[in-house]
Each structure stands twice: as structure tokens, then as C-alpha cells.
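The structure appears right after this line, and notes come after that.
The values are calculated or read from the model by the stated rules, or taken from the named source; none is laboratory data. All figures in this text were calculated on a predicted structure; none of them were measured in a lab. Cβ sites come from the backbone with ideal geometry, for glycine too, and all protein chains shown count toward neighbours. SASA here: full protein model, heavy atoms, side chains in, ligands and nucleic acids out. Shrake-Rupley method; radii C 1.70, N 1.55, O 1.52, S 1.80 Å.
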Amino acid sequence: NEIIELFRAGMPLRKHRCRFKSYERCFKASEAVDCLHELLGSNQNFGPEVTRHQTVKLLKKFLKNHVIEDIKGRWGKEDFEDDGHLYRFPPSSPLKSYPKKPSCGKEVIKFPDWNEPKAGPSQEHIPVKSVTMNSEMWYKRHSIAIGEVPACKLVFRRELTQTNIEEIWKSMTLSRLQKVLGLDSLDEVLDTKLVNSKHIVQNVYNVNKQGIVTLEDKSKELPHWILSAMKCLANWPSCSDLKQPTYLGFERDVFKTIVDYFGQMKEPLLTFHFFDIFVSVLGLLQKPSKAVEALQISCLLLPPENRKRLQLLVRMMARISLNQDLPPLSESMRTRTLIVQVFSRCILCSKDEIDLDELLAAKLVSFLMDNYQEILSVPSALKSSIEDHVVHLQRVQIKYAGADSDATLPPPSFCHQITTGEFEYQRATGSQEPLAALLEEIVMNKEISVKDKKKKLKQFQKSYPEVYRVRFPSPETEAMLFPEKTKQKPPILMWALKKPFQPFHRTRSFRM
């Protein structure tokens, strides 16, 4: 959405001629490539490594998905080329709606309620041992300074099973991820039914001293020869203890072996199901701490074998890119660029938009390499909060008469005050978005007549001139909705309108 907005706003539109005919507000294909290539190069989510060939691929996707259309209004095919053909923007923008940030104090994910008492005798009839009260206790009990202590009772919690604990881990993990991403709901980027709670618990607790996941099923481990090859490059040149031969170009052969193994996988390490959740983290890269936390939590959702392979691969990639003793692995590009290019698709990609994945995956993989030690470790704050919550649910509680909640629960959180500028921006954004959608609905409605559509647009322009000006910045854009039809009137009618009506006079020829 960001790139489409920048492209629509920054692409120069002017008059062009093609085959003895003039076209207003359009652009050449080569001009579009120049403009978009410059935008991608200066955008923090893509960077200067984007090539002109990749820009053409992106414009092919734009043409296929009706972000642009040719001068005759045709679209839907990827036949865009870097040439002089003319294109234009369609009247309506194909932008998707942005995920909305949650409102203050909104409960987004409901946790399992373990507070329900077991079926059986009521706790009101639980026998309580009588206490002998002496004078000191009586004084404390009825002291004016302390006040009267209300009656209380013990509440015994339901015993938590392993399944209950796993579901708590899933609930609180997804709730924290949703908060970090700033979304109203994870349904926009993740099917929560596909998240396996057992995977989260195994990724947190089944780890070795280095923080690498240990697998219960040894058949899912990496083959020994691949581990040996990865250790060889990660520890280069101190790999003599592995008793491997060294010859000119040996390190390139080892690198190619690793690339071929990971390249033949049917599914990327971050899996197709979690593609959208990892892509959504790209919007947080300008806030590195938030992005690191979001990736920490997202990587906990992976199957344990995928998480372990990701940990070993990214650690090897980071060490290779920083190893100055390792000879160049390519004649044409730097080692870091080569590593990101060859391993991006085996780490992140989707089933459909293959060309666009290369740009997104390269950005994410570069960030992974730079912060892999934090990202691929267990988030300690999340772990502590969930463990404390589980202990709280298992602990015997004391409830006072008339109290609706446990005394040990944390105090409620309150909304944070915002500045006047932020308030005005949120108010303007919140009101203009639905108005813009209403205007677009009027424009695209084909069931009403032209006369009624003009009337409604006139009323809208009078009521909301700013929103109308954004949609129709010039008279030409408004005129495109209603092409004028010139009607030629008969000459005799025109003659009749020019001369006034004259009564009939007799001439001499009619006299008898």
C-alpha cells in the first residue's frame, strides 16, 4: 500500500501522442520504471539493492492487479515491458485497507477461565476450624484504626493439566504478538487455528545450552554431512579438526552443497501459513526493538524442526558474512549480498506472489542476520509473565465477602494521554476514511442514472469539499466519469430558432 500510494502521488502525468492521437494524464512504461525504481531505492523497506529488472517485475504485478492500465483501459496480464507504451492510473485505487490499531483497554484474546468451581458441594458448607480469640486479637479485630476485617473464604483452583498449560501459552503468546504488531485482530495476518500450542512449549523449554531447540524425533534432524559442511564454513579456517581436504575453491564447493540442500525444500523454514505474519513485521523495522520482539514471538510459533534449522542456518550466515578470512564465494558480488540472495527464498516465500517475495524476504533475512542472537532466543519477559500467570491460577486464593475479583490480580491498566496533534490526526483520519469510501461507492455505482450520480456528487462536494478534492484533484479527473456526447441539431430547427415566427401573408397570385 505504501509503495502504491507513493507511486500514484509521485508519478508525473502529462499529455502524450500515440498514432496521431493525444492522450491526457498518462505516462510511458520507461518513465514508470524510472520513477518506481527511484522510489524503491529510497524506501527503507527495500533499499538501493533493488534492480531495474525487479522494478519491471513489480510493475507487471501492478498491471495484472489493476494498479495501472494501458491507455485503452486494458489490464489483467503481465505483459508490461520497459518500452514506450502508454499507461495510466485507473479512476479508483486498488489499495487494501490498513490494519487498525487497537483501542485503549480492549481485551483482544480471551484466556481460558479456570476459576469456575468444581461440581460438588458448595464452598459455603466447607467446615472451618474455630479460632480462640484473646483480648489482643479482639482489639486488632475491632480497632478503629484498622477497621473491621470482612469475612473471607478459601478458593481452591481447578487442577491444571498439561493441555491447559499449553493453551495458556498459546493464548498469551498470541495476545502479546497482537499487541506488539498493533492490530485489532490477528485474523488479518494469521489463522490462529493453525498455531500448535505444543510447538510453542517445546520451543521454549526443549533447548540446549546454546539456546538451540532439541528435537524428540531424531529423524527430523539435519543430516550429519550438512551439519559438517555448515560447521566448516561457520568456523573457517579453523576446521582442520574435521579432517576435511582443502584445495583451491574448496569453500565454494562446500557452500554450493549447503545451498543445494536448503534449496530443494518444498516449503520455506518460516512456512507458508506464517508468511503474512512475518511480512507484517517489516512495517516495524524503523523501530528495531519492536521488530525484534515481534520476530522473537513469531519464531516461537514455528514447528520445532523448522526453528532449529532456522537457528543453525542464520547463525552460519551471520558468521560467514563477518568472516574476513573466508575467501570470496562469488566473483560478481559481495559475500553478504550472495548469502541473502541464495537463502532468502528457503527462509521466507509464499505460494503465489513469487517475484514480490524476493524483495520482502531479502529485507527480512538481512534483519535476521543482524539480530539473530536476540530474535532466535526465548523472550524472557514473555516466559516469566506466562509462568507467573500459571502459578497464580494454581495457587489457593483468599476471597473476601462481596469481592468480585481476586485480591492478587494485577491492577487495571489505564489509557495513556496523547497530544493534541495526535488527537487531531486520529480524528481527521478516522472521519475521512469512511467518507472517502462513501464517495468511491457513489462513483462506482452503476445502478443509478447519470443525472442522480451528478446530483449526489454535487451534494457531497458541498458537504465535504476536502475529501472531494482528494478524489478529484482537477476538473479533468471529474470529467472522465461523464464523457460529453455532442448532439448535432437539424439545420431547419436551427433556422427556426434564429428567425421569429411571422404570420402568413397572401400575395397577388392568390387573388381571384
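Side notes on the structure shown:
- Qualifying residues in the range 268-286 (those that are in a loop (DSSP other than H, G, I, E, B) and open to solvent by 50 Å² or more (accessible area, probe 1.4 Å)) - the one farthest from Leu359 (Cα to Cα): His273
- For the range 11-34, the set of residues classified as over 13 Å from Glu81 (Cα atoms) and aliphatic (A, V, I, L, M) consists of Met11, Leu13, listed by residue number.
- Among residues of the range 263-279 that are of a type in the set (Gly, Ala, Ser), those with a Cβ under 7 angstrom from a residue that is modelled with pLDDT of 90 or more and crowded, with 19+ Cβ neighbours inside 10 Å, sequence gap 6+ or separate chain, pair up as Gly263/Cys346.
- Extreme residue, nearest to Leu360 (Cα to Cα), among residues of the range 41-72 that are assigned to a loop (DSSP other than H, G, I, E, B) and of a type in the set (A, V, I, L, M, F, W, C): Phe46
- Given (1) at pLDDT 75 or above; (2) hydrophobic (A, V, I, L, M, F, W, C); (3) surrounded by 10 or more Cβ atoms within 10 Å (Cβ to Cβ), number of the condition Val450 does not satisfy: (3)
- Test: residue in the range 361-370 that is under 22 Å from the mean Cα position of the chain (by Cα), open to solvent by less than 60 Å² (accessible area, probe 1.4 Å), more than 22 Å from Trp236 (Cβ to Cβ) and among the polar types (S, T, N, Q): no
- Any hit, the range 174-182, residues being surrounded by 14 or more Cβ atoms within 10 Å (Cβ to Cβ) and among the β-branched types (Val, Ile, Thr): yes
- Number of residues in the range 9-31 that are on the phi < 0 side of the Ramachandran plot and either open to solvent by 70 Å² or more (accessible area, probe 1.4 Å) or among the hydrophobic types (A, V, I, L, M, F, W, C) (or both): the value is 14.
- Scope the range 186-207; condition open to solvent by 60 Å² or more (accessible area, probe 1.4 Å) and assigned to a helix (DSSP H, G or I); matching residues: Asp187, Glu188, Lys193, Leu194, Lys198, Tyr205
- Subset of the range 211-227 (residues that are touching a Lys or Arg at 6+ places or on another chain (Cβ under 9 Å) and open to solvent by 30 Å² or more (accessible area, probe 1.4 Å)): Thr214, Lys220, Glu221
- Any hit, the range 238-260, residues being outside any helix (DSSP H, G or I) and touching a residue at least 60 places away in the same chain (Cβ under 8 Å): no
- Residue check for Ala407: aliphatic (A, V, I, L, M), modelled with pLDDT under 60 and either within 16 Å of Leu177 (Cβ to Cβ) or surrounded by 10 or more Cβ atoms within 10 Å (Cβ to Cβ) (or both): yes
- Verdict on Val391 being more than 30 Å from Ile297 (Cβ to Cβ) and at pLDDT 80 or above: no
- Selection status of Ala294, small (Gly, Ala, Ser), within 21 Å of the chain's Cα centre (by Cα) and more than 30 Å from Lys60 (Cβ to Cβ): yes
- Screening Cys18 on (1) under 27 Å from Phe367 (Cβ atoms); (2) in contact (Cβ under 8 Å) with a residue 60 or more places away in the chain shows it passes everything except condition (1).
- Candidates Arg315, Arg307, Arg334: the one that is on the phi < 0 side of the Ramachandran plot, open to solvent by 30 Å² or more (accessible area, probe 1.4 Å) and touching a residue at least 60 places away in the same chain (Cβ under 8 Å) is Arg315.
- Residue tally, condition of a type in the set (Ser, Thr, Tyr) and either open to solvent by 20 Å² or more (accessible area, probe 1.4 Å) or modelled with pLDDT under 90 (or both), over the range 32-66: 2
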